[in-house]
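Structure record follows, encoded as structure tokens.
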Amino acid sequence: MTVFRLGGFELLWVSLAFAWLTYAGYRLWTGTASPTARFLSLGLILLIAMGLLQDLLDFSRG
Amino acid sequence: MSAFGTLLWLEFRKQGTFAMGMLMVVAGWSLLLRQFFAWGAEPSIVALAVVASTLMLAGAVVTAYLLWLGLDFAREYRNGRWALLLGAPQPGWLHLSARLLFACGVLTLFAAGMWGTLAFWLGRVGLEWPLGLGLALWAYGLGGVALVVPVLFIGLLVAAYLPARADLLAFLVGLLGLGQLLEWSLRLFSAQFYRWLPPWGLPLPRLGEMAWEGFPGLPSEAFVLLVLLCVLLFSAMSRLWQEVEV
């Protein structure tokens, strides 16, 4: 069974994904007058980040 | 006339033609099914042909109706009617529930007509078509209406970000986030809730001495999950409706 290694290439892509999520979070938090949309998009972004972390943990467990 | 009655009347004006078309399909199909019996094949073969073709037709018509519903939202948006609707004094959930209630009513009438047709014609070859089976298929058809709810949720989320030109970003985040919501609720359901829910056994059709053996029944936890997610998304959606400016 192949073991996933968290090398430089993977770290680059994962940190790019997290950087994009941070950017999206900033744009979506500041980009609307509707408080519901603001908190909903924050929650969705947290869910996505949680899913990404979960995948990372699953992968590095091998 | 109350606001809800007016909204239902508007829905009837808009969806009425399509709904009448669906009921005409039922009437035409109940006449066409006669032809299966003119073949003079064995009763079990005729029953199989009748059930399979009716279910296929019903599935196609329900899919077409749901597509039409989605396209109608898009058409309203293009015609600029959303700005009018969003500025209306009635709360958002009233608009949304009028539309969804009408859609559920149309699908219920359609399913009842199809079930009546099946039960009537299958009775001619001595096959009992239990009411519970029809009800289960109807419930699965209504599950399709639930698909409208996440689509509208994403639509309203995107609309909230139109003035700031972050609509593509909101769409991507909404799509990925809803996928995550589904994944986490499936995880929770499979790990925790699955064992608490009762299995939903189906009443099976009988043809003389013949009956399907060992049919596993339909899963019920999908419905519980569907209802929970729909209530959650519907309440978020109606709050968004109140706050969105177009």
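Quick rundown of the values:
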| read-out | value |
| --- | --- |
| Among A:36-48, B:32-44, B:59-71, the order from most to least packed when residues are scored by Cβ within 10 Å on average | A:36-48, B:59-71, B:32-44 |
| Cα-based shape type of region A:15-56, given that a ≥ b ≥ c are square roots of the gyration tensor eigenvalues and the cut on a/c is 1.5 | oblate |
| CD proxy at 222 nm, helix term only [per DSSP H run n ≥ 4: -39500 (n - 2.57); per residue of chain A; nearest 500] | -28500 deg cm²/dmol |
| Under 15 Å from the B:Leu162 label point (7 Å along Cα→beta-carbon), backbone N, region A:15-46 | A:32-34 |
| Set of region B:114-155 residues, backbone N closer than 13 Å to the point 7 Å along the Cα-Cβ line of B:Leu57 | B:114-122 |
| Neighbouring partner chain Cβ atoms per residue of A:37-45, average, 10 Å criterion | 6 |
| Shielding by partners - mean other protein chain Cβ count within 10 Å, residues of B:152-158 | 2 |
| Cα gyration tensor shape of region B:20-72, rounded if a/c is under 1.5, else prolate or oblate by comparing a/b with b/c | oblate |
| Net lengthening on full extension, B:Val227/B:Val151 (0.36 nm per residue, minus Cα-Cα) | 25.8 nm |
| Three-way shape call for the protein assembly as shown based on the alpha-carbon gyration tensor, with the a/c threshold at 1.5 | oblate |
| Pair-distance profile P(r), taking every C-alpha pair of region B:3-243, with 10 angstrom steps and integer % | 6, 25, 29, 23, 13, 4, 0 |
| Cβ crowding within 10 Å averaged over residues, with A:13-24, B:231-242, B:12-23 ranked highest first | B:231-242, B:12-23, A:13-24 |
| Rel. contact order, % - alpha carbon contacts under 8 angstrom, at least six apart, chain B | 27 |
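Read-outs throughout are calculated quantities, based only on the coordinates presented, and are distinct from any laboratory measurement. Remember, predicted model here, so these are calculated numbers, not experimental data. Please note: Cβ atoms are built from the backbone with ideal geometry, for glycine as well, and neighbour counts cover all protein chains shown.
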